[in-house]
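Here's the structure we're looking at; comments come further down.
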Amino acid sequence: MKMWSGRFRQPLDPEFEHWQRSFDFDRRLLRYELAASGAHARALKDAGVLSADELISILQGLEQIGDRAASEPAFLDDGEAEDVHHFVEKQLAVLIGDAGYKLHSGRSRNEQIATDLRLFVRATIDHLRHDLAELCGAVIDRAEQTGDAAMPAYTHLQKAEPVLIAHWLLAYVEMFWRDADRLADCRKRLNLCPLGSGAVAGATLALDRGFIAETLGFDGPTANSIDATSDRDFVLEFANVLSLLALHLSRWAEEMILFSSQEYGFLGLPEAYSTGSSAMPQKKNPDLLELVRGKCGRILGNATALMVTVKGLPLAYNKDLQETQEPLFDSATTLLQMLPLVTGWMKSVEFHLERMNQAAQSGFMNAWAAATYLVQRGVPSRLAHERIGKAVQICLERNCELQDLPLHELQSLSPAFSQDFYESLKLASVLAMHDVPGGTAPARVRHATSAARKRIESLREEVHAHEAHAHA
Ligand code: ARG
């Protein structure tokens, strides 16, 4: 039976009927639909609409639907189901007869889809935060293994200053950490339950909304039925948080691609995540990285599609909102699949420490440290900068580095130079000089590494706590 055939005299155009369905994609929400339906059924029993026996058979029916869907994928090939809500109602009636039709008392699909989507986004957030903790853990492990080895840091993609490799890797941990934090923030705001909002004006039965919300692990019921049935802010917010995460991954991928090129030679690509060329026998290509960079495009596209879909929609529910599901699912799937692969890549990439460390010692990356040497001997910074600039100019003509200039020549540029200047130009001195919180001095980086590890540990604990709650 359709969910709304009473007032219609004519059947639907078959093509339209087929085209307007959402079951092909919203079947993904089945477990949330079943959970929400269970909570609604309990509230119906408390409101006196269902008898105790009816409640039991509805709950058993819902459980059977879930079990069958899990064990028998063909069960979901239902040619008649319009959407996941219709599917559950239909199957329930098959299993327990007319009592199944009582489940829909006092509720609307508008509040159901809003609830299912919130539950889906919440569970996906927990999953992604878990994956981000794993990724950050792997990056921190790799950072630690690189010890005090250095590499060039670039600005404008020109050699700038040497940094510890660990310092560079920890920059990504900061980005992913913020992503995990934004997801938590999004979770906090979405964790209110629309059930009991009805179609738009609130339920027509005296349902205990606080009880329903609590049963589903929400912090409470939503405050306004018009908003609750039409709001997809949480979907947009989530999709935009994912966009930022995808942007970070895309920047990460781009750097890894660059650094794995022969010109840099900083990284050895893991064979398990690379492919060859069908034409050029020597090739090993960074396919994982390129796909990560490429998939950022669809995730940004999905976020844009979602925002444009909602733009200008009058309150409250409109069927346009059905169009918010596929972009949401696509972004979620894309990242759920991608993050564990990125973690796997991170665990197996080879850092060519020797070559990176070597690259950190040429190209005048000690020039600012050299200017600082003069500043510490009382030379005004602007003049020191200019003196060292002159010295660089001489070196460029001679094709050498600052440390190759003889002292008497340096002293003709500034009397402040003396023998200890050469010590201050060495890689270890240059690194140690950046001795501020957040700087690349080795002691600071060691501290930052253990601080990052602690933060990731607490992220893991938070995710576990949510998981324990979800399974309770
Ligand atoms: N499949 C619909 C959606 O995704 C469910 C809500 C339908 N509500 C309605 N009034 N037709 O939005």
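Here is how the numbers come out for the structure above:
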| quantity | calculated |
| --- | --- |
| Sites R178 and Q393 - FRET efficiency at Förster radius 25 Å, r taken between beta-carbons, to 0.05 | 0.05 |
| Segment T204-A428, extension gain: residue separation times 0.36 nm, minus the distance between their alpha carbons | 73.3 nm |
| Convex hull (Cα only) mean projected area of the chain, reported in nm² to one decimal | 30.1 |
| Pairwise label distance in nanometres, L383 with Q337, each label 7 Å out on the Cα-Cβ vector | 6.4 |
| Approximate spin-label separation Q64-D141, in nm, with each point projected 7 Å along Cα-to-Cβ | 4.7 |
| Nearby lysines by direct alpha-carbon distance to K454 (threshold 20 angstrom, same-chain neighbours under 8 apart not counted) | K347 |
| Given 13 as the ceiling on other Cβ atoms within 10 Å, longest exposed-site-free region of the chain for GluC sites (Glu not before Pro) in DSSP loops | 264-472 |
| Cα-projected label distance for S450 with D219, points at 7 Å along beta-carbon direction, nm | 3.4 |
| Full-stretch length increase - V308, T155 - with 0.36 nm per residue and alpha-carbon distance subtracted | 51.5 nm |
| Size of electric dipole in the range 251-348: Cβ of Lys, Arg +1 and of Asp, Glu -1, about Cα centre, debye, nearest 20 | 40 |
| Compactness of the range 278-435 - radius of gyration and Dmax, Cα, Å | 27.4, 81 |
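None of the figures in this text is laboratory data; all of them are computed from the coordinates on show. The model shown is predicted, which means the values in this text are computed figures rather than measured ones. Backbone-built Cβ (ideal geometry, glycine too); neighbour counts: all protein chains shown.
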